[in-house]
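J.: This structure is in structure tokens; I'll ask about it shortly.
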Amino acid sequence: MGSRALAILWAQWRTVWNHFPRSNKVSLFFSAVIGIGWYLGFVVLGIAAAFEMSNRAELRVIERILPGGLLLGFLYWQVIPLLLVSTGSALDVKRLIAYPIPKSELFSLEVLLRLSTGVEIVIVLLGTSIGLLVNPAIP
């Protein structure tokens, strides 16, 4: 990935970082606690998904909850970037076309920007995938 794409990723990081308040240390601490709790919740959800998907005896449960869970993950991955763009805390890739970035890098840049705004679902999908991989009943 070129230096231009890395500069855009850096701008995305700075946009998110500048969104946090800096005037009050208590509010910064509160934001950090809420953020850590938020991501720990998704880690716990990913671990629970890994254990549930690795359970050989509950194939019926897996068949019932996996499609709905994947749909919820898909919807989350579509809605959260829209909410971030509407609040001004994300970069709009359509505006990046004006900059001299090769078209071959635009897709990988779009993927990296989406991953940075929806990392929660990546954590849950990772747990689900690990659980399905270790389940001997899943072909």
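J.: Subtracting the Cα-Cα distance from 0.36 nm times the residue separation, let me have the gained length for residue 78 to residue 13 in nm, one decimal.
T.: Extra length available between residue 78 and residue 13 comes to 21.4 nm.
J.: Follow-up. Computed FRET efficiency, Cβ-Cβ of residue 125 and residue 6, R0 41 Å: what is it to the nearest 0.05?
T.: Efficiency for this residue pair is about 0.95.
J.: May I pose another question? Give me the one-decimal nm value for the distance between modelled label points at residue 57 and residue 43, 7 Å along each residue's Cα-to-Cβ direction.
T.: In this crude spin-label approximation the distance works out to 2.9 nm.
J.: For the pair residue 34/residue 99, report the inter-label distance in nm, with labels modelled 7 Å from Cα in the Cβ direction.
T.: Here the answer is 2.9 nm between the modelled labels.
Every read-out reported here was derived from the displayed coordinates using simple, explicitly stated rules and does not represent laboratory data. The structure presented is a predicted model; accordingly, all values stated were derived computationally and were not measured. Because the Cβ atoms are built from the backbone with ideal geometry, glycine has one as well, and the counts that use them run over all protein chains shown.
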